[in-house]
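K.L.:
The structure follows.
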Amino acid sequence: MDIRCGDEILYAIGKKLLEILGENSLVSRYSNDYFGVIFNCEKNLYNILHEVVKNIEKLRVNDVIYDLSVNIGIYKLNKDDDNISVAIDKAIMAHSASKGDVTDKYHIYDKEIENKLVKEDNIEKNMENALLNGEFKVYYQPKIYAKDEKLYGAEALVRWFHDGKMISPGEFIPLFEKNRFILKLDLYIFEQVCKDMKKWKIEFGFEPIVSVNISRQHFIDKDFLEKYLLIISKYGVNPNNIDLEITESAAIDEGIDIINIMERSKKIGFLISIDDFGTGYSSLSMLQDMPIDILKIDKSFVDKINANNSLVDYIINISKGLKLVTIAEGVETEEQKEYLKSKGCDIIQGYYYSKPLSQKEFEEYMKNKN
Ligand code: C2E
Ligand code: CA
Ligand code: CA
């Protein structure tokens, strides 16, 4: 798109906004492709927003229709608001709550947004120090063979201990994926895992198979596998005992040459799991082309056992057809475990056997299990 064309689109957006919001509104271009608008909302706000999104996402300029993407942040001005900069900041905060979410086109500023952003801000202020101070710890959730209940291995899951409280990954992983701090954190966790595996080999004479979660952000860095390789060499860990968990949605991301990454991982000797299987939309032929070892059935399907077994049955059949190892995650009851076992699922992970355990607790678990 040339500059003149870009200018014409910006001009057309401004004109369209004025047309929808009325001549008495104030429409300005705030920066780049950001518009700042003040208007008197006399009609239903949602109808107006709908109208704006509909018209701008299919914008007609000189008989050409452009497909644009719109995100809107709204702050409702009160009588006591006397500082326009503060009001703009609040609209921007609401906007950042909507950005990146394709289905959510607009957000209205409220206390919830403010709390979330303040929390995120706090996390971002503390994360680097937390890494230096060893506040991130690896927890291990055992994985158990369905056939004889022996220990197969564990999944490494991060926990953050801050100010005497434990913060669970759900609160910081999505943010770390956005700000890419996950790249540092995953490498740190991987190093801790390798350190523990070296210790276990010396103390117990064996290394369990440990899986680590690999964020899709790593795949953008073409050297990421070399960094992992360096760490396993440093601790003398056998890569055959390390399993890289890649979520199904990352594996089918069109912008990533995942097959190449997987093939290079296999060459090193890593195992590869497809995590959260069933929540993405991979086709059978895609799966067939990927050099993977393990399918992890997502918890949402395990939850439906007894209410609707058809999807679990289907996934286990796919996995068997492709000669993969099947792991079910989020198994909480004996009933679920028995059903999965009867269908030929190989390995069970979930609260039924154990919650994720600290390094010390997992060592105790290994001693008692074997
Ligand atoms: P995930 O990879 O799907 O991990 C499984 C999650 O399910 C874990 O949550 C685990 O504690 C939980 N879980 C396991 N069994 C049960 C069960 O029987 N019932 C219930 N209700 N939950 C169960 P957790 O530890 O909170 O981790 C959440 C997510 O955060 C993980 O989902 C993973 O996507 C991400 N994550 C955790 N650690 C790391 C890490 O070191 N690196 C990266 N990139 N992501 C991580
Ligand atoms: Ca996982
Ligand atoms: Ca999972």
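The values are calculated or read from the model by the stated rules, or taken from the named source; none is laboratory data. Owing to the predicted nature of the structure, the values given are computational and were not obtained by experimental measurement. Cβ sites come from the backbone with ideal geometry, for glycine too, and all protein chains shown count toward neighbours.
K.L.:
If you scan the stretch 162-172, which residues turn out to be closer than 15 Å to residue 138 by Cα and away from ligand 1 (no atom under 14 Å from the Cβ)?
P.N.:
162 - this is the single residue of the stretch 162-172 that is closer than 15 Å to residue 138 by Cα and away from ligand 1 (no atom under 14 Å from the Cβ).
K.L.:
Sticking with this structure for a sec: In a helix (DSSP H, G or I) and among the charged types (D, E, K, R), is that true of residue 143?
P.N.:
Numbers: in a helix (DSSP H, G or I): no; among the charged types (D, E, K, R): yes.
Answer is no for this residue.
K.L.:
Could I ask something else about it? From the list 234, 184, which residue is out of contact with any helix residue (DSSP H, G or I) (no Cβ under 6 Å at 6 or more places or on another chain), of a type in the set (Lys, Arg), within 16 Å of ligand 1 (Cβ to nearest atom) and over 18 Å from residue 155 (Cβ atoms)?
P.N.:
On the way: 234 fails: within 16 Å of ligand 1 (Cβ to nearest atom).
Just a single option satisfies the conditions, and that option is 184.
K.L.:
Just one of (1) loosely packed, with under 14 Cβ neighbours inside 10 Å; (2) under 27 Å from residue 175 (Cβ atoms) trips up residue 78, so point out which.
P.N.:
Of (1) loosely packed, with under 14 Cβ neighbours inside 10 Å; (2) under 27 Å from residue 175 (Cβ atoms), only one is false for residue 78: (2).
K.L.:
Right, here's the next one. Scan the stretch 150-169 and give yes if some residue there is closer than 30 Å to residue 57 by Cα, under 22 Å from the mean Cα position of the chain (by Cα), modelled with pLDDT under 95 and not in a strand (DSSP E or B), otherwise no. Break it down into steps so the answer makes sense when it comes.
P.N.:
Within the stretch 150-169, the first condition is being closer than 30 Å to residue 57 by Cα, and the residues that meet it are none.
Within the stretch 150-169, none of the residues are closer than 30 Å to residue 57 by Cα, under 22 Å from the mean Cα position of the chain (by Cα), modelled with pLDDT under 95 and not in a strand (DSSP E or B).
K.L.:
For residue 190, are the conditions met, namely being away from ligand 3 (no atom under 16 Å from the Cβ), among the hydrophobic types (A, V, I, L, M, F, W, C) and surrounded by fewer than 16 Cβ atoms within 10 Å (Cβ to Cβ)?
P.N.:
no
K.L.:
Looking at the stretch 23-56, which of its residues are out of contact with any strand residue (DSSP E or B) (no Cβ under 7 Å at 6 or more places or on another chain), closer than 19 Å to residue 5 by Cα and charged (D, E, K, R)?
P.N.:
Scanning the stretch 23-56 gives a single hit, 33.
K.L.:
If residue 304 satisfies all but one of (1) in contact with a helix residue (DSSP H, G or I) (Cβ under 9 Å, 6 or more places away or on another chain); (2) without any contact (Cβ under 8 Å) to a residue 12 or more places away in the chain; (3) more than 16 Å from ligand 1 (Cβ to nearest atom), what's the number of the condition it fails?
P.N.:
So residue 304 meets the others, but not (3).
K.L.:
What do you reckon, is residue 137 part of a helix (DSSP H, G or I), more than 16 Å from ligand 3 (Cβ to nearest atom) and either at pLDDT 95 or above or on the phi < 0 side of the Ramachandran plot (or both)?
P.N.:
No.
K.L.:
Among the residues of the stretch 247-256, is there at least one that is away from ligand 3 (no atom under 16 Å from the Cβ) and at pLDDT 95 or above?
P.N.:
For the stretch 247-256, residues away from ligand 3 (no atom under 16 Å from the Cβ) and at pLDDT 95 or above: absent.
K.L.:
Name the residue, out of 42, 23, 120, that is assigned to a helix (DSSP H, G or I) and charged (D, E, K, R).
P.N.:
Answer to the check: 120.
K.L.:
Of the numbered conditions (1) of a type outside the set (Ser, Thr, Tyr); (2) closer than 26 Å to residue 361 by Cβ; (3) away from ligand 3 (no atom under 16 Å from the Cβ), residue 158 satisfies every one except a single condition; which is it?
P.N.:
It fails just one condition, (3).
K.L.:
Filter the stretch 279-301 down to the residues that are away from ligand 1 (no atom under 12 Å from the Cβ) and among the small types (Gly, Ala, Ser), then identify the one that is modelled with the highest pLDDT.
P.N.:
Residue satisfying both the conditions and the ranking: 285.
K.L.:
If residue 224 passes every condition in (1) in contact with a His (Cβ under 7 Å, 6 or more places away or on another chain); (2) within 16 Å of ligand 3 (Cβ to nearest atom) but one, which one does it miss?
P.N.:
(2)
K.L.:
Condition check: at pLDDT 95 or above, touching a Ser or Thr at 6+ places or on another chain (Cβ under 7 Å) and either within 16 Å of ligand 2 (Cβ to nearest atom) or over 22 Å from residue 347 (Cα atoms) (or both). Does residue 243 satisfy that?
P.N.:
Against the criterion (at pLDDT 95 or above, touching a Ser or Thr at 6+ places or on another chain (Cβ under 7 Å) and either within 16 Å of ligand 2 (Cβ to nearest atom) or over 22 Å from residue 347 (Cα atoms) (or both)), residue 243 qualifies.
K.L.:
Okay, next question. From the set of residues in the stretch 291-314 that are away from ligand 2 (no atom under 16 Å from the Cβ) and buried (at least 20 other Cβ atoms within 10 Å of the Cβ), which is nearest to residue 260 (Cα to Cα)?
P.N.:
Taking the candidates together, the pick is 312.
K.L.:
Still on this model: I'm trying to understand the selection: among the residues of the stretch 329-345, which are touching a helix residue (DSSP H, G or I) at 6+ places or on another chain (Cβ under 8 Å) and either within 18 Å of residue 281 (Cα to Cα) or more than 15 Å from ligand 1 (Cβ to nearest atom) (or both)?
P.N.:
343, 344
K.L.:
Residue pairs, Cβ under 6 Å, 6 or more apart or interchain, first in the stretch 182-198 and more than 14 Å from residue 211 (Cβ to Cβ), second in a helix (DSSP H, G or I) and at pLDDT below 95. List them.
P.N.:
182/217; 183/217
K.L.:
Among all residue pairs at least 6 apart or on different chains, which show Cβ distances below 7 Å where the first residue, located in the stretch 266-279, is within 27 Å of residue 312 (Cα to Cα) and among the β-branched types (Val, Ile, Thr) and the second is within 16 Å of ligand 3 (Cβ to nearest atom) and in a loop (DSSP other than H, G, I, E, B)?
P.N.:
272/292; 272/293; 274/292; 279/298
K.L.:
To continue, here is another question. Of all residues being surrounded by fewer than 18 Cβ atoms within 10 Å (Cβ to Cβ) and in a loop (DSSP other than H, G, I, E, B) in the stretch 221-251, which is nearest to the chain's Cα centre (by Cα)? Just the residue, please.
P.N.:
Across the stretch 221-251, the extreme among qualifying residues is 221.
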